[in-house]
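Data first, discussion second: the structure below is written as structure tokens.
Just so it is clear, none of the values below were taken in a lab; they were calculated from the coordinates. Not measured: the values here are computed from a predicted model. With ideal geometry, Cβ positions are generated from the backbone for all residues, glycine too; neighbour counts draw on all protein chains shown.
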Amino acid sequence: MLYENSIQKANLIMNLRSMGISSNNVLSAIEKVPRELFLPSNFHSYAYENNPLPIGFEQTISQPYIVALMTEALELKGNEIILEIGTGSGYQTSVLSLLSRRVYSIERIKPLLVNALSCFKKLKLTNIVCDHGDGFLGWPKLAPFDHLIVTCAIKNVDDRLLNQVRFNGICIAPVAVSPKEQRLKKITIKDKRDNDIWEDLGRVSFVPLISEYD
Ligand code: SAM
């Protein structure tokens, strides 16, 4: 099984490279995190296929390519404090934790968070701090963050979130531009919101952000 996993993992890494992921640090973090740990046991054999998979509660673990793309877009050097909205299975959080100083992550579904925390413990990832709750407003008490990553589709990335990111920090978020289309946006934060730099990283498909404020 271990041997089989390592062949599937190597194939996945080659696949990610061929899809344009070029950061060795990101690829190596993807290689280090055992994705099967974050999945229900009936999906273990699919862990290294490049697909999103169900994790219960109508939620999904993100596709490895999307995790790699979003992580690469943050241009991590290793010393950053990151805020993540939507812990989900904790897989993306774990990849980020290997490449940064600390990850703060918020999840609204308690059992998912409990499961993610147990995975972090098993992997001895001690630089992750989680909160159970609605991440719509970010985590203003702990702001500013170096970067922000949103892992559920959001209707607007506006001042309430962008003001929590430092100058020259990056926000990555899937934005629901219409009921049928989501685009992955990379926003580089400048001195004023009007000067922020918005880039489009392509079409994506995420579960929606659910909030009492929305
Ligand atoms: N990247 C994660 C992974 O690797 O498993 C997958 C995240 S999943 C696509 C999106 C997550 O966002 C879900 O777990 C969902 O419960 C969570 N979510 C949705 N709305 C939220 C909110 N307002 N606050 C916090 N989490 C939220």
task = Can you grab the distance from the C-alpha centre of segment 122-149 to the C-alpha centre of segment 1-76, Å, no decimals?
result = 22 Å
Karplus (6.51, -1.76, 1.60) ³J(HN,Hα), θ = phi - 60°, over segment 114-125, in Hz, Gly and Pro reported as x = 4, 5, 4, 4, 5, 5, 4, 5, 4, 8, 6, 8
key: Net dipole in debye of the chain [+1 Lys, Arg Cβ; -1 Asp, Glu Cβ; about Cα centre; nearest 20]   = 380 debye
task = Give the peptides 188-195, 54-61 in descending order of average Cβ contacts within 10 Å, highest first.
result = 54-61, 188-195
query = Which angle from 0 to 90°, rounded to the nearest 10, does the C-alpha axis of helix 64-73 make with the longest principal axis of the chain?
reply = 40 degrees
Whether segment 1-98 is rounded, prolate or oblate, judged on the alpha carbon gyration tensor where a/c under 1.5 counts as rounded = oblate
key: segment 16-31 - phi-based ³J(HN,Hα) in whole Hz, Karplus 6.51/-1.76/1.60, Gly and Pro as x   = 5, 4, 5, 8, x, 7, 10, 6, 5, 5, 5, 4, 5, 5, 4, 5
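Nearest 20 debye, what's the magnitude of the dipole of segment 3-62 about its Cα centre given +1 on Lys and Arg Cβ and -1 on Asp and Glu Cβ?
For segment 3-62, the charge dipole is close to 200 debye.
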message = To make sure I understand the rule: partners must be lysines, Cα under 21 Å from the Cα of LYS185, and not fewer than 8 residues away in the same chain. Which ones qualify?
response = LYS77, LYS155
ask   = Taking LYS9 as the anchor, which lysines have their alpha carbon closer than 22 Å to its alpha carbon, excluding any fewer than eight residues away along the same chain?
value = LYS32, LYS122, LYS124
3J(HN,Hα) from dihedral phi, segment 38-44, Karplus parametrisation 6.51/-1.76/1.60, rounded to Hz, x for glycine, proline = 8, 10, x, 4, 6, 10, 4
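Rg over Rh of segment 88-209, using C-alpha atoms and the Kirkwood radius, what does it come to?
So for segment 88-209, dividing Rg by the Kirkwood Rh gives 0.96.
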key: Most positive-pole-ward Cα, LEU39, ALA68, ALA173, against dipole of segment 6-204 from beta carbon charges   = LEU39
inquiry  = Running a GNM on the chain with Cα contacts under 10 Å, which residue among HIS147, HIS132, HIS44 ends up with the highest mean-square fluctuation?
reply    = HIS44
key: Value of [θ]222 nm, deg cm²/dmol, for the chain, DSSP H segments ≥ 4, -39500 (n - 2.57) each, nearest 500   = -8000 deg cm²/dmol
query = When the chain is treated as a GNM, springs tying every alpha-carbon pair under 10 Å, which of GLY86, GLY20, GLY169 comes out with the largest mean-square fluctuation?
reply = GLY20
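Rounded to the nearest 0.05, what FRET efficiency do ALA143 and VAL114 have when you use their Cβ-Cβ distance and R0 = 22 Å?
Computed FRET efficiency for ALA143 and VAL114: 0.25.
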